[in-house]
Amino acid sequence: MTVRAGILGATGAVGQRLIQLLEPHPEFEIAALTASEDSAGKRYDEAAKWRIDVPIPDSVAEMTVGATTPEDVPDDVDLIFSSLPSSVGEEVEPAFCEAGYIVSSNSSNARADDDVPLTIPEVNADHIDLIEVQRDERGWDGALVKNPNCSTITMVPPLAALDEAFGLDRITVSTLQAVSGAGYSGVTSMEIIDNAIPHIGGEERKMETESRKLLGEFDGAEVSWHGARVDASCNRIPTLDGHLENVWTDTEADATVEEAKEAMRSYPTLDLHSSPEQLIHVFEQPDRPQPRLDRDADNGMAIAAGGIQETDGGLQFNCLAHNTLRGAAGASVLNGELLLERGYL
Ligand code: 2RA
């Protein structure tokens, strides 16, 4: 089955990354692009005035952009990818679900809702079946599925590996986040060169709550959030792409560095590196394979972990991921693959 995909917010940084990942993808074809009212009716290459350094094929550049309403998206679109500002998403995404569309969303609204699947396929794929609860409660023919914040995605797979092996009592994280996480306003703010900004609005609470939902247990009816205490501090630094994070965990069981390495080494999509910054260059390879759920593929969508050390309470490690390729856009595409794999498309 080829999934006909629509992209809401197609002209933004994440929208452009979605085009980059979906256009060559064997299971998806881009069938609709939407953006602001001002852009509606224009060719994509006219509407997308501000461009990040990703290839936009002619077939997409020539497409006409619609307005971000269900009326402007063809009925035969099977899956909507959304990367809208949360203030827009909280209005628009339910309208698409009521109209019968399934939405794989990177927008931060509704991630904590009890009936909304918040998924990283390698970590908690079974949570996707919350869709059934959502449809019963909301009467939608469509469905809303969320991926977490890109900074959350970077740390949760390595944390899941340690949680499975040792149990986690407490998680503390300090992030060093690239400016591309802030989209247009971020990338143009490279004036922060030789500076660091010790706060990213709302980011800390997103990481603290989303990680507990992702690491929680799903019994078929509801998710019991993980009981670990999570504290986050988020910093913006002058790099273009790639979130680097320092994580401390208090483990329930004693854990050695070697045991932690083994737990991470065998966890899907984790690349264990002695120094995680090596990985960022993998994402920039022009011939990098597309994101796939295939655990064994060297798909370049891995999350680097490394620098594991023992601490008084447990372990400390570093992790790094490309925030718009493995985070944002890639996370939404991997959830699209999960929806397809589980028969929801
Ligand atoms: C950021 N994680 O980096 C947030 C949203 N992309 O700004």
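How many residues, within the stretch 128-142, are under 21 Å from Phe81 (Cβ atoms) and either without any contact (Cβ under 8 Å) to a residue 12 or more places away in the chain or not in a helix (DSSP H, G or I) (or both)?
Selection size over the stretch 128-142: 4.
This table checks each residue for (1) crowded, with 17+ Cβ neighbours inside 10 Å; (2) at pLDDT 95 or above.
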residue: Asp241; (1), (2): yes, no
residue: Thr256; (1), (2): no, yes
residue: Gln278; (1), (2): no, no
residue: Gly300; (1), (2): yes, no
residue: Arg326; (1), (2): yes, no
residue: Leu334; (1), (2): yes, no
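So for the stretch 179-199 (the condition being at pLDDT 95 or above and surrounded by 15 or more Cβ atoms within 10 Å (Cβ to Cβ)), does at least one residue qualify?
Within the stretch 179-199 (the criterion being at pLDDT 95 or above and surrounded by 15 or more Cβ atoms within 10 Å (Cβ to Cβ)), the answer is no, since none of the residues qualifies.
Against the definition (outside any helix (DSSP H, G or I), more than 16 Å from the ligand (Cβ to nearest atom) and under 24 Å from Gly202 (Cβ atoms)), how does Val77 come out, yes or no?
No: the conditions fail for Val77.
Among the residues of the stretch 1-10, are any at pLDDT 95 or above, open to solvent by 20 Å² or more (accessible area, probe 1.4 Å), under 24 Å from Asp53 (Cβ atoms) and outside any loop (DSSP other than H, G, I, E, B)?
No, there is no match, as no residue in the stretch 1-10 is at pLDDT 95 or above, open to solvent by 20 Å² or more (accessible area, probe 1.4 Å), under 24 Å from Asp53 (Cβ atoms) and outside any loop (DSSP other than H, G, I, E, B).
Identify all residues within the stretch 152-165 that are buried (at least 24 other Cβ atoms within 10 Å of the Cβ) and more than 12 Å from Ile303 (Cβ to Cβ); write none if there are none.
Leu162
Among the candidates Ala125, Ala110, single out the residue that is open to solvent by less than 50 Å² (accessible area, probe 1.4 Å) and in a helix (DSSP H, G or I). First the steps, then the outcome.
Values: Ala110 fails: in a helix (DSSP H, G or I).
Only one candidate passes the filter, namely Ala125.
Here is a list of conditions, (1) touching a residue at least 40 places away in the same chain (Cβ under 8 Å); (2) open to solvent by 30 Å² or more (accessible area, probe 1.4 Å); (3) more than 11 Å from the ligand (Cβ to nearest atom), and Ser224 meets all of them except one; can you say which number that is?
The one condition Ser224 does not meet is (1).
Check Ile52 against each of (1) at pLDDT 95 or above; (2) surrounded by 15 or more Cβ atoms within 10 Å (Cβ to Cβ) and name the one condition it does not meet.
So Ile52 meets the others, but not (1).
Which count do you get for residues in the stretch 81-115 that are under 15 Å from the mean Cα position of the chain (by Cα) and among the aliphatic types (A, V, I, L, M)? First the steps, then the outcome.
Keep residues of the stretch 81-115 that are under 15 Å from the mean Cα position of the chain (by Cα), which gives 81-86, 103-112.
When the remaining residues are screened for being among the aliphatic types (A, V, I, L, M), the result is 84, 103, 110, 112.
The qualifying residues number 4.
So how many residues does the stretch 143-187 have that are assigned by TED's automatic domain parsing to the domain that holds Pro268, away from the ligand (no atom under 16 Å from the Cβ) and assigned to a strand (DSSP E or B)?
5
With respect to the numbered conditions (1) touching a strand residue (DSSP E or B) at 6+ places or on another chain (Cβ under 8 Å); (2) open to solvent by 10 Å² or more (accessible area, probe 1.4 Å); (3) not in a loop (DSSP other than H, G, I, E, B), which one is the sole condition not fulfilled by Val14?
Evaluating Val14 over (1) touching a strand residue (DSSP E or B) at 6+ places or on another chain (Cβ under 8 Å); (2) open to solvent by 10 Å² or more (accessible area, probe 1.4 Å); (3) not in a loop (DSSP other than H, G, I, E, B) leaves (1) as the failure.
List pairs: first in the stretch 329-345 and touching a residue at least 12 places away in the same chain (Cβ under 8 Å) and within 20 Å of Gly15 (Cα to Cα), second β-branched (Val, Ile, Thr) and open to solvent by less than 10 Å² (accessible area, probe 1.4 Å), Cβ under 6 Å, 6+ apart or cross-chain?
Listed by first residue and then by second, the contacts come to Ala331/Ile153; Asn335/Thr119; Asn335/Val145; Leu338/Ile128.
The values are calculated or read from the model by the stated rules, or taken from the named source; none is laboratory data. Keep in mind the model is a prediction, meaning the values are calculated, not measured. Ideal geometry is used to build each Cβ from the backbone, glycine not excepted, and the neighbour counts take in all protein chains shown. Just the protein is used for accessible areas: all its heavy atoms, side chains included, with ligands, DNA and RNA removed. Shrake-Rupley method; radii C 1.70, N 1.55, O 1.52, S 1.80 Å.
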